[in-house]
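Down below is the structure, laid out as structure tokens.
The values are calculated or read from the model by the stated rules, or taken from the named source; none is laboratory data. Everything quoted here is computed from the prediction, not taken from an experiment. Counting neighbours? That spans all protein chains shown, and the Cβs are built from the backbone with ideal geometry, glycine included. The area values use the complete protein model at the heavy-atom level, side chains included, leaving out ligands, DNA and RNA. Shrake-Rupley method; radii C 1.70, N 1.55, O 1.52, S 1.80 Å.
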Amino acid sequence: MTKSRSDLLRGTLDMLILKALVLERMHGLGISRRLEQITDGVFQVQPGSLFPALHRLEQEGWIIGTWGESENKRRAKFYELTAAGKRQLGEEKQNWSNVVVAISKVLDATS
Amino acid sequence: MPILPRIASTFRSIFRKEMIEKELDQELESYVDHLTDRKIKEGLSPAEALRQARMELGGTEQVKQKVRERSLGSGLDTLLLDIRFTLRNIRNHPGFTFTVVLILAIGIGANTALFSSVNAVLLRSVPFGDSEQLIVGRKTNEGRITGAVSRLDYYDYRDHNKTFDHLAALLNGSYPRVVMINDTPQLLNAGMVTWNLLSVLGVAPAAGRDFLPQDDLAEGSTVAMISYRTWQTQFGASRDAIGSTVSFDGTPFTIVGVMPHDFRFLYDHDVWTLIDRSGQIDMQRDAHSLLVVGRMRSGVTLEQAQGDADTISAGLQQEYPDTNADKALNLTGMHDYMVRNVRSSLTMLMATTVLVLLIACGNVAGLLLARGQRRLPEMAMRAALGAPRNRLIRQLLTESLFITMLAGLAGIAVAHAFRVLLLNLLPIGAVGIAPPTLDASSLIFAFGISIVTALLVGIVPALRATTVGPARQIVSGARVSEGVQSARLRSGLVVMQVAGSILLLIGSALLIRSLGQLSHVNLGFDSENLLTARIQIQQTDYETPEERHQFFSSLMERISAMPGVVSATTITKLPILNPWQDWPVWPADQPRPSNTERQFAMARWTTPNYFDTIGIQLLRGRDISVDDLPQSQRVVVLSESTVEALFPDQDPIGKYVGIGWDEEPWRVIGVVSEARLNRITDVPNGAMYMPSAQLGASILRLAVKTTGKPMALVGPIRETIRQLDANAILSEEASMTSILDAELASFRIVILSIGLFSAIALMLTAIGLYGVLAYHIAQRFREIGIRMALGAEPASLVRRYVFRGLALVGSGLLLGVLSAFPCSKLMADLLFGIEPFDPASFISAFAFLTIVGIVACLIPALRATRVNPAQILREQ
């Protein structure tokens, strides 16, 4: 499946968010911090990209958000994966592998 | 993702928007709070932590905008928003909207009206199956199309061709005949065809049967087909009609079939019979009377068929050098043939309406540009609040689209008015095609044109209104430079409008001059106070030529004696109304010349006093007299040009000529001046006039010179005829002037339409010019005030600004006149008596537009002088 450039970037972010939510539910800031941690600071997701992605994933039904209390005793909206989301993650992972293989082939080509 | 949740999500995002927005607000606030907490933990002060956290967020509105953009249903969302916004704008500025809608409605309406005509006539195909394979064949001489084909030639084409399924022929015309149906005389239009015409057209009869080949073989076959309408009105649509008998001129015909409902081919015929084979004259190879109609075999192209016909023509030229030496058959697609007369008028009218629409778009674009200027601050603010540029552009385009759609709707009403007032008067119906209506395709066209218009007028103003970035917008300096660019664009638009208008004006002027030439052309006869009509007597009541002659002579005596009548006469064919019928004529002491050397003249048969009545001058010799009887010496009066051709520099009186196809010579007894017998636009034709007594015609055209109004005598004349013979039929009463007027009618309609459109275009251009100049002056009120305070004369100011406006007009004129040269060449076949580059037309159009331009410039310029310098200076 071919995607446009921005689609590719957005799709990657969607996949990363879904992955981040596999283990536990988190709120917006938490997700962006987790991603930063795991990638040793390489991926710093701005709110301008994060919230549209979260909102969209919620609309698609892959994550679901509920208001709750955070560790700072503040209100925050926590997101968690749905069953459909888990399936989607699997799919996205497969797509990503295909893309990686394809890129490698291009880079390894000798002429 | 499954469809249902997606739809649900979309609806949710539309209907529960407020709640979603609030939730998003809270979520973003929570994000900032958490981030602040973290930064405090990292050691920053609370205030600093908050500030940094806010900065990292990047602006609540911006983030919210990004979320909005990416959520499902955002497209629909923004569209609804845009529409709401547009409606609010319209409500706040009703005047602007009304103006724009009005201007565009006129342009769109005119185009839609023209399109419905063009569609019906030029684009739609002939209503017979597989119509691309239908062709019409006409005779050519030396390559020029000269008209009807002879019967014997037709048989050869029919029997020897390899490319046609069927080749049929018909007598080109509609012949009113008195038909006895159930013992009552009815006046019906008769058409005469070959047996296979319906096969060519691919049409099956509604009842009964079609003509068969056998019907065409018998001598003077006596079968007929009637039209559906005749079947209904005369026979009550009963099956008994098949097999019943009707009679024409005493001959009984058996009805064998009924044409389909609404069948119409070139003419409105009520009854069809097979071409009368007993006419002696038609058995001559060079008696031409038929129009050939054919259906090419499927897969055959016109070029192939033409090649086939050319081969046959070549063969005929070899075999019959006397009659076929330079003759050939030209094949034309049936559709092209049917529209040949109206095609150029319609195309020109269409071009005109497109120009009008473009000019109207120019005005609206100018208005939108000006309004865009005024809204720059508003756009700046919206951009600052996070609206991306193409969102703003999209909103502006939605606005222009909405307004143009309104204009499109209004335009349909305008189109209807145009059609009813003007286009229904175009003689399109005569072509054999149903008159145009505003149907689905016209509506689709109106819709399409509205969209194109919206883009045309909306794009550039939308782009201009959103160019400058937010910060710069609010600073007034940037606004000024924007204003300059915008003003330049508007000036450019005005120049284009002027160019378009001058094109239209030149076109109108050329046509008006042509009409003037046409109206005053010397016809060669006097059309004033001339009553014309058609008189037909029953052939069965008057068997011999002598009896018929007797009737018409006594009728002429009686009519001439009536009060109000100067003189009365009859003729077989009146000028202009009944054209053609040219026969060969040659000096009798020479052998009959071959086809190429032959001289032709219009053959006419008259009773005495024809030339007096119609105003043709008798130059030498005598008129036809009462003594020229059926059994006496055959005599003929020739026109000047015929005499010049046959007997150059000799006195023709007393000489003998051969006419037509028989051997007995005719004696020349008189010479008359030339007259235009065919179309007003044709040059005068050579003619020969023979006594109708010697022809024995039963149908003649009446011409009566009256002292007063011609039509007033119709009643008395009808009564006189009735007294002489109750079975005689008087029809087609009309004054000669009304006949000539009718000839020019379509020309007048075209001129009226173009004149109207030119006036509209000129008005729009003047308004545009006024607008640009007024704006220019308004921008310079301060400068004007200073100049006046320093002692400048108002007159010099007025002159200055008028010149500035005229500079625009001048550029437009130059552009327009240059494009007028190729364009008027295209109009050439619509013109009469004048060149495409007629100086008088160009100059008058030029002058007219300049005057209008000056007035349009004077108004704002004069207003400039009313500026109160003291007040202006005070305002600084």
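Odds and ends about this structure:
- Axis of helix B:94-118 versus longest Cα principal axis of chain B: the two differ by about 30°, to the nearest ten degrees.
- Signed unit charges on C-beta, dipole axis of the protein assembly as shown, positive-most listed residue B:ALA766, B:VAL193, B:ALA440: B:ALA766
- Dimensions of segment B:281-338 from C-alpha coordinates, computed as largest minus smallest value along each principal axis and given longest first, are 35, 23, 16 Å.
- Taking both sides together, the accessible area buried where A meets B is about 2600 Å² for a 1.4 Å probe.
- Inter-centroid distance (Cα atoms) of segment B:517-568 relative to segment B:306-354, Å: 37
- In chain B, lysine pairs with alpha-carbon atoms under 21 angstrom apart (chain gap of 8 or more, or interchain): 8
- Sorted largest first, extent of chain B alpha carbons per principal axis (Å): 135, 80, 55
- For the protein assembly as shown, size of Cβ-based charge dipole, Lys and Arg +1, Asp and Glu -1, in debye: 6960
- Here the accessible area of the protein assembly as shown is 58 percent carbon and sulfur, with a 1.4 angstrom probe and all protein chains present.
- Placing +1 on the Cβ of every Lys and Arg and -1 on the Cβ of every Asp and Glu, with nothing else charged, gives chain B a dipole about its Cα centre of roughly 6260 debye.
- Spherically averaged projected area of the convex hull of Cα atoms, segment A:5-108: 7.3 nm².
- Exposure rule at most 13 other beta-carbon atoms within 10 Å, DSSP loop GluC sites (Glu not before Pro): chain B longest free segment: B:220-527
- The lysine pair count for segment A:5-108, using Cα distances under 28 Å and pairs eight or more places apart or on different chains, is 8.
- Counting only DSSP H runs of at least 4 residues, each contributing -39500 (n - 2.57), and dividing by the residue count of chain B, the helix-based mean residue ellipticity at 222 nm comes to -18000 deg cm²/dmol.
- The trypsin sites (Lys or Arg not before Pro) of segment B:288-353 meeting both criteria, a DSSP state outside H, G, I, E and B (loop) and at most 12 other C-beta atoms within 10 angstrom of the site's C-beta, are B:ARG340.
- Between A:ASN98 and B:ILE444, the simple spin-label model (points 7 angstrom out along Cα→Cβ) gives 3.9 nm.
- Accessible area per residue in Å² at 1.4 Å probe, computed on the protein assembly as shown: 47
- C-alpha long axis of helix B:545-561 to longest principal axis of chain B, angle in °: 60
- Comparing each chain alone with all protein chains together (probe 1.4 Å, DNA, RNA and ligands left out), the residues of segment A:52-79 losing at least 20 Å² of accessible area are A:PRO52, A:HIS55, A:ARG56, A:GLN59, A:GLU60, A:TRP67, A:ASN72, A:ARG74, A:ARG75, A:LYS77.
- Dipole of chain B [Lys/Arg +1, Asp/Glu -1 at C-beta], most positive-end residue of B:THR97, B:VAL67, B:CYS361: B:VAL67
- ³J(HN,Hα), Karplus 6.51/-1.76/1.60, whole Hz, each residue of segment A:65-76, x for Gly, Pro: x, 9, 6, x, 9, 8, 5, 8, 6, 10, 6, 8
- Dividing the summed -39500 (n - 2.57) terms of all DSSP H runs of n ≥ 4 by the residue count of chain A sets its mean residue ellipticity at 222 nm at -20000 deg cm²/dmol.
- Cα shape, segment B:48-204, gyration tensor, a/c 1.5 rule: prolate
- B:ASP25-B:ILE786 FRET efficiency (beta carbon distance; Förster radius 51 Å; 0.05 resolution): 0.40
- Farthest toward the positive end of the dipole of the protein assembly as shown, out of A:TRP96, B:VAL149, A:ILE17, is the Cα of A:ILE17, where the dipole comes from beta carbon charges about the Cα centre.
- Relative to the longest principal axis of the Cα atoms of chain B, helix B:3-15 runs at roughly 70 degrees.
- Dimensions of segment B:634-767 from C-alpha coordinates, computed as largest minus smallest value along each principal axis and given longest first, are 74, 48, 30 Å.
- Backbone geometry of segment B:855-871 corresponds, through the Karplus equation with coefficients 6.51, -1.76 and 1.60 at θ = phi - 60°, to 3J(HN,Hα) couplings of 4, 5, 7, 4, 4, x, 5, 5, 5, 4, 6, 7, 4, 8, x, 4, 5 Hz, x marking Gly and Pro.
- The Cα center of segment B:697-722 and the Cα center of segment B:731-777 differ in position by 37 Å.
- This model, with +1 at the C-beta of Lys and Arg and -1 at the C-beta of Asp and Glu, gives segment A:5-108 a dipole about its Cα centre of some 200 debye.
- Paramagnetic reach from B:GLN871 in segment B:773-789 [backbone N under 19 Å; point 7 Å along Cα→Cβ]: B:774-789
- Normalised by 2.2 N^0.38 Å, where N counts its residues, the alpha-carbon radius of gyration of the protein assembly as shown equals 1.39.
- Among the trypsin sites (Lys or Arg not before Pro) in segment B:16-101, those located in a DSSP loop and surrounded by at most 13 other Cβ atoms within 10 Å of their own Cβ are B:ARG16.
- The simple Förster model, with R0 at 41 Å and r as the Cβ-Cβ distance, assigns B:ALA847 and B:THR467 a FRET efficiency of 0.50.
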